[in-house]
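Chemist: Sharing a structure with you now.
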Amino acid sequence: MGSSAGSWRGLEDSDREETDSEPPAPPLDGQSAQWKNAVGFWILGLCNNFSYVVMLSAAHDILKQEQASGNQSHVEPGPTPMPHNSSSRFDCNSISTAAVLLADILPTLVIKLLAPLGLHLLPYSPRVLVSGVCSAGSFILVAFSHSVGLSLCGVVLASISSGLGEVTFLSLTAFYPSAVISWWSSGTGGAGLLGSLSYLGLTQAGLSPQHTLLSMLGIPVLLLASYFLLLTSPEPQDPGGEDEAETAARQPLIGTETPESKPGSSWDLSLQERWTVFKGLLRYIIPLVLVYFAEYFINQGLFELLFFRNTSLSHAQQYRWYQMLYQAGVFISRSSLHCCRIRLTWVLTLLQCLNLVFLLADVCLSFLPSIYLIFIIVLYEGFLGGAAYVNTFHNIALETSDKHREFAMEAACISDTLGISMSGVLALPLHDFLCHLP
């Protein structure tokens, strides 16, 4: 209901005024509100990560077209081969795929590093508007780009949109029952599958990359519609949707609870309180950083090198299958919170690091006889990464006091981006080293 969503925007004032001064929203059936919020956060997760996923493939494809066509103004669908290192057994591209990853992740890292320091001064609605505009701008800029510089600017806009949106929407979950975290996480997992499939499917159907990107301008519109028209008022917060065991598990293990504590007052915290809360989050942040470091080191550093010549799949097809299976695993596990909840997330970190060691050993020694064994491992890798993400934020929501929850969710957002950035930086020299081996 659009009117109910608009009635709670008073929470966004920088001085966090009480909503009692606003007319009360019309009562909404509890079950209906739960479903609207669940669907709303799923769509927000999908739309927020969509441009990020598409830019990883679309911008890279257009850059290759520009290199091949001498910056022609029109490009036809279909990839142009990049130069390969023919002297290497790995059939390497001249530039590691980690280079594109870094262009798409570093702006997000900057946003997430700065967010806990002052993003709270900006109300939620302007943040969402900026995120939607940047997402639309990324599609338009890359679609009409005739130069490498403009294409990279489009990738940066997609990164800003994704980073700002994730920080904003995860902190917004502090005003809703913790069940919405599962829906948000499932939506972000769905973005990986639908984003890559839609770009691949439309270009394979005959659309040019330019028209394919322009056809996706409905995604930012859907994001804004979901936020402004679908989400309902979270005040007073209805615990509906949480069972008794989960409600009992909501204990202030991170920070201290006071009777008047509630979401929305977390930005009144002193620097000392914020530091105390952040130290309590480290037991979740560090494992999630390591999980994402390991999986994106695999994805952007090793996937290209896990090349099998004894199969009918080309090198490019093998790489696309790896990415698709990874995204499928992420989507399934990010949607599994209602079926399986994991408190000891460091176990997932250990298993993911073992994956990295095992696949790195195979890159060096080539002891796996079949690509289908790699397919299984990659799917399993996606399971671990998605499970680590959704369970980390679910646990933080349960174990943080109401007063500190909004800050905690926003501060913990840095985990995945920091791990991805570290992996990209290290994957570049690894690629160059291995590709120069005979």
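Chemist: Nearest 0.05, what FRET efficiency do Tyr372 and Phe144 give at R0 = 35 Å with Cβ-Cβ as r?
Modeler: Details: r = 41 Å, r/R0 = 1.18.
Efficiency at R0 = 35 Å is approximately 0.25.
Chemist: Quick one: Debye curve from the C-alpha atoms of the stretch 308-438, no solvent, what's log10 I(q)/I(0) at q = 0.11, 0.18 Å⁻¹?
Modeler: Results for the stretch 308-438 at q = 0.11, 0.18 Å⁻¹ read -0.50, -1.14.
Chemist: Which ³J(HN,Hα) values, rounded to whole Hz and listed in residue order, are derived for the stretch 159-167 from phi using the Karplus coefficients 6.51, -1.76 and 1.60 in 6.51 cos²θ - 1.76 cosθ + 1.60 with θ = phi - 60°, glycine and proline given as x?
Modeler: Running phi through 6.51 cos²θ - 1.76 cosθ + 1.60 with θ = phi - 60° gives 5, 4, 4, 5, x, 5, x, 5, 4 Hz.
Chemist: At 1.4 Å probe size, what's the solvent-accessible area of Ser370? Round to the nearest 10 Å².
Modeler: 40
Chemist: Hey, another quick one. Accessible surface of His146 in the full protein assembly, 1.4 angstrom probe, to the nearest 10 Å²?
Modeler: 80
Chemist: Whose amide H sits under 5 Å from the amide H of Thr232, counting only residues 5 or more places off or on another chain, with H placed in the peptide plane?
Modeler: For Thr232, the qualifying residues are Asn37.
Chemist: Once you keep just the Cα pairs under 8 angstrom separated by 6 or more residues, what percentage relative contact order results for the stretch 134-232?
Modeler: Taking the mean separation of contacting Cα pairs over the length of the stretch 134-232, I get 34 percent.
Chemist: Put a dot 7 Å past each Cα toward the Cβ at Gln31 and Val221; how far apart are the dots in nm?
Modeler: The modelled label-to-label distance comes out at 3.3 nm.
Chemist: Can you run phi through the Karplus equation (6.51, -1.76, 1.60; θ = phi - 60°) for the stretch 313-325 and list ³J(HN,Hα) in whole Hz, with x for Gly and Pro?
Modeler: 7, 6, 4, 4, 5, 4, 4, 5, 5, 4, 5, 5, 5
The values are calculated or read from the model by the stated rules, or taken from the named source; none is laboratory data. Computed from a prediction, not measured in an experiment: that's the story for all the values here. No Cβ is skipped: glycine too gets one built from the backbone with ideal geometry, and neighbour counts run over all protein chains shown. Accessible surface areas use protein heavy atoms only, side chains included; no ligands, DNA or RNA. Shrake-Rupley method; radii C 1.70, N 1.55, O 1.52, S 1.80 Å.
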